[in-house]
Structure formats: structure tokens, C-alpha cells
Amino acid sequence: MDSKKSDNKRNVVVVGGGFAGTLVARALSSKLDASQYNLILVNDRPYGIHLIAGARMVASDLDQLDSEDKAFIPYSKLFVHGNGSFQEGRVTAIEEAGKGAGGEIVLSNGERLAYAALVLATGSSWSGPLGFPESDRDVRAHIQRWRTQIADAKDIYIVGGGSVGIELAGEIKEAYSHKKVTVVHSEGMLLNGIYPEKFRKDIERRARGQGIEFVFNDKVDTFPAPGAVGLTTRGGKQFSTADLVIPSFGSRPNTAFVSTLGSDVLAADGSVKVKPTLELQAHAGIFAAGDIVAWDEAKQAAKANAHVSVVAANVLSHLAGAPQTKQYKGSFEIIMIPLGKTDGAAYANILWGLMFGGWVTRLIKGKSLMVGTVRSDRGL
């Protein structure tokens, strides 16, 4: 795609077709004047992956989630009244024309795409089962490979007792109740200190009720080669029958290309430094949303909704040459952890701190993993 458009419209580009990026693109598509602007969504695969369904999708074929009418989210109806387009590609660099004067993004195939305003919403990169590759063929092979490994294993160890690790353990038990599943976690309780001890103990109690076992205050430094049997932790514990060890920790903002703007744009953890307007510091007209935002909050899809309203409003203000008045002030912490389709727990730090059990968690998330809601929010 040429960086200049023959119709002389200015480009508004959203990079990242995941949870936050699609919501930003849809919001902008309903507000941008199509006679003046081309709205373009850039993503490295031809659909988004609904990561909330990721643990169930890799654990088994339950609900047949790996399809474009389930957890693969096509962009065919994303843009309101068709006001937008999709460009498949991976961004490798950003080149500014001048302060607030737009610039170009550079794709891995060498193509350049001009922008008058740019939104970065590239999410997190994961290792292990949720580390989905770029191409459709590789994504499907990745899912099938993990399903096969899990189906063939008898004694499974999941390293990382955050929400993803807990959910994955629950999904494996949902599909294979007879398998031995153990979660290894570096702290003395599941999750981390963002959440109260009462909630952390409650989700552990519920998981144990499903037969999930735990190793606390320990880590795994060396993962066994595929097909190998046996595991030794950093603390010296040995599990001789472990035949599948799954990493479920260490997500990192997918922001390597953003560093081409300069060494000062990223925080130490790789997240993007922003103002309260969610515009990048010292880079006018470039905004960030979703997991990549450097903000003191848990990285969750639920936060994206609050980011989107701020970013969309301020992109429009930037294009109009008006002051950006919309500011992000943070969101309350909320977490919902299903244990398969039958149990789970949730917590929200509002009022005195509200906890919910299996019925609420199953109704809102565990039963359908919000697939229908996410698709509807994107025009499907």
C-alpha cells in the first residue's frame, strides 16, 4: 500500500487488531468524517484472537472455539457503515515527520503507510500456549499441537499461578478430569498482592476442589524438552512422572517496534509511557491503548474499554487542532477466573471489596467466555 492516498484524505491508523485495537477502530469509524479521513486497522493476521477464550481453546476442542464464528474475530463488520479498511501486516518501525505532523509506519515487507494520527494497541506477547503465531496456518497448528500434548500427557505441571495459569488448569480438568494437574507458583498464594488474601485463598480452595494441586514459593528455570519425563524446580523438588510442563507466566508488551521512536518512549518493562490523555510523551498525535500502556494497573481486557473512550476522543481533538480534554484516571481492579464451566471466583475492589463465587463467574464468563459479547461489540 502506498504511503500517500490519491484521494488526498489523511490516514488515521490503528496498529493492533486485538481487544483494545478493534474497539478503538470501531469507535473512530462511527465518528470520523469519511470525506476527510481514511481509517485503517493494521494487524499481523487476518483476524483477532479472543484471548479470554485462549485457555479453553488450547486445552481441548470443547466448544470448537478455533473458528471465525467463535474465538477468531474477523474484521468484516468492524467498521460502522463500512467507514474503514483492514491492512494485514506487521509494523517494524514508526517514522515521524515532525512534532504533531504525522509520519509513516513501516511494515515488515517494506511498505509504508502514512498517518495523521496513530493509535498503538498491540497487546502482550506470551510464551507457551497463548503465544499465538502470526499466520493462520501456524495459529491452527499451534492450537492442535498443544491440544495433542495435553491429551497425551498424564502428569501436567503449569508454571505460573496467575489468572492464565489457573484458568488453564481448570480447562484441562474440565476436559480431562482424570489427569493430574499441578500449578507451580513463585509466591505463597495464587495471583499477586493486587488482590486480597481472602480472594487468593478462595480461588485456591475452589481449584483444589477440582483436584488441582499446587507447589508454592518455587520456580522452574529449565523446561524439559518435548517428550522428556521429569521436572526439577529451582528449590530442588523433583517430580519424576511430570510428562508435560507448560509455561504460563511472563507476558510482555508487544512494543519492540515502538522503540524506533527513541529510547525514552518505553518503560523498563516495555510498556509505553503516556500522558493522562493516553498520548505518548513528546510524540504528539500518537496514542496507546490496552495492555501496552504504562499505567499502574493490572493488564486486563476490561481496562481497554476505559482506554478506548479517552483515546477516541483525543484522536478527534488532535485532528481538529483542539485541546485534548479527555483524561484517563485509572480503573478499579476486577478479575474473574473461571475453573472450566462449573466453578470459579471473581473480585472487584469497589465499596469494601466484593467477592463472587462460582454461580456469578460461570454465568458471566465461564459458560461462554464472553464470545458472543465480544463478537457483538465488533459488529458480528
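The values are calculated or read from the model by the stated rules, or taken from the named source; none is laboratory data. Here the structure is a predicted model, which means the values were calculated and not measured. With ideal geometry, Cβ positions are generated from the backbone for all residues, glycine too; neighbour counts draw on all protein chains shown.
Would you point out the residue of the range 250-298, among those that are among the charged types (D, E, K, R) and under 23 Å from G165 (Cα atoms), that is surrounded by the most Cβ atoms within 10 Å (Cβ to Cβ)?
D291
Output the number of residues of the range 26-62 satisfying the condition of being in contact (Cβ under 8 Å) with a residue 60 or more places away in the chain and either more than 18 Å from A302 (Cβ to Cβ) or of a type in the set (V, I, T) (or both).
Residues in the range 26-62 being in contact (Cβ under 8 Å) with a residue 60 or more places away in the chain and either more than 18 Å from A302 (Cβ to Cβ) or of a type in the set (V, I, T) (or both): 19 in total.
Identify, by number, the condition in (1) touching a strand residue (DSSP E or B) at 6+ places or on another chain (Cβ under 6 Å); (2) in a loop (DSSP other than H, G, I, E, B) that G98 doesn't meet.
Result: G98 fails condition (1) only.
Just one of I105, I73 is in contact (Cβ under 8 Å) with a residue 60 or more places away in the chain, touching a His at 6+ places or on another chain (Cβ under 8 Å) and not assigned by TED's automatic domain parsing to the domain that holds K180; which is it?
So the residue among I105, I73 that is in contact (Cβ under 8 Å) with a residue 60 or more places away in the chain, touching a His at 6+ places or on another chain (Cβ under 8 Å) and not assigned by TED's automatic domain parsing to the domain that holds K180 is I73.
Those residues that are β-branched (V, I, T) and over 26 Å from S309 (Cα atoms), I need them from the range 338-365; list them, please.
Passing the criteria: T342, V360, T361.
Of these, K367, K303, which one is charged (D, E, K, R) and crowded, with 18+ Cβ neighbours inside 10 Å?
The match here is K303.
Tell me yes or no: at least one residue of the range 188-210 is surrounded by 21 or more Cβ atoms within 10 Å (Cβ to Cβ), over 20 Å from G54 (Cα atoms), over 23 Å from the mean Cα position of the chain (by Cα) and without any contact (Cβ under 8 Å) to a residue 24 or more places away in the chain.
Yes - at least one qualifying residue is present in the range 188-210.
What's the number of the condition E333 fails, among (1) surrounded by 17 or more Cβ atoms within 10 Å (Cβ to Cβ); (2) modelled with pLDDT of 95 or more; (3) closer than 21 Å to K198 by Cα?
Going through the list (1) surrounded by 17 or more Cβ atoms within 10 Å (Cβ to Cβ); (2) modelled with pLDDT of 95 or more; (3) closer than 21 Å to K198 by Cα, E333 breaks only (2).
I need the full set of residues from the range 158-185 which are farther than 15 Å from V245 by Cβ and not in a helix (DSSP H, G or I), in order please.
Within the range 158-185, G162, Y176, S177, H178 meet the criteria.
Do you know which residues across the range 123-173 are β-branched (V, I, T), out of contact with any strand residue (DSSP E or B) (no Cβ under 6 Å at 6 or more places or on another chain) and in contact (Cβ under 8 Å) with a residue 60 or more places away in the chain?
V139, I143, I150, V164
Could you figure out which of (1) in the same structural domain as T260 (by TED's automatic domain parsing); (2) outside any strand (DSSP E or B) isn't true of A93?
(2)
With respect to the numbered conditions (1) part of a loop (DSSP other than H, G, I, E, B); (2) of a type outside the set (F, W, Y); (3) without any contact (Cβ under 8 Å) to a residue 60 or more places away in the chain, which one is the sole condition not fulfilled by A298?
(3)
When you go through A306, A346, A313 one by one, which is the residue that is assigned to a strand (DSSP E or B) and either basic (K, R) or free of Cβ contacts under 8 Å to residues at least 60 places away in the same chain (or both)?
A346
Does the range 194-244 hold any residues that are closer than 28 Å to A348 by Cβ and among the hydrophobic types (A, V, I, L, M, F, W, C), and which are they?
I194, F199, I203, A207, I212, F214, F216
Looking at (1) in a loop (DSSP other than H, G, I, E, B); (2) under 15 Å from R375 (Cα atoms); (3) of a type outside the set (D, E), which is the one condition that is false for A25?
So the condition that A25 fails would be (1).
Return the residue satisfying two criteria in turn: it lies in the range 336-358 and is under 19 Å from K201 (Cβ atoms) and more than 22 Å from the chain's Cα centre (by Cα), and of such residues it is surrounded by the fewest Cβ atoms within 10 Å (Cβ to Cβ).
W352
Inspect the range 30-50 for any residue being aliphatic (A, V, I, L, M), assigned to a helix (DSSP H, G or I) and not assigned by TED's automatic domain parsing to the domain that holds Q300 and give the result as yes or no.
No, the range 30-50 contains no residue that is aliphatic (A, V, I, L, M), assigned to a helix (DSSP H, G or I) and not assigned by TED's automatic domain parsing to the domain that holds Q300.
When you scan the range 236-280, how many residues do you find that are closer than 30 Å to A153 by Cα and in contact (Cβ under 8 Å) with a residue 24 or more places away in the chain?
13
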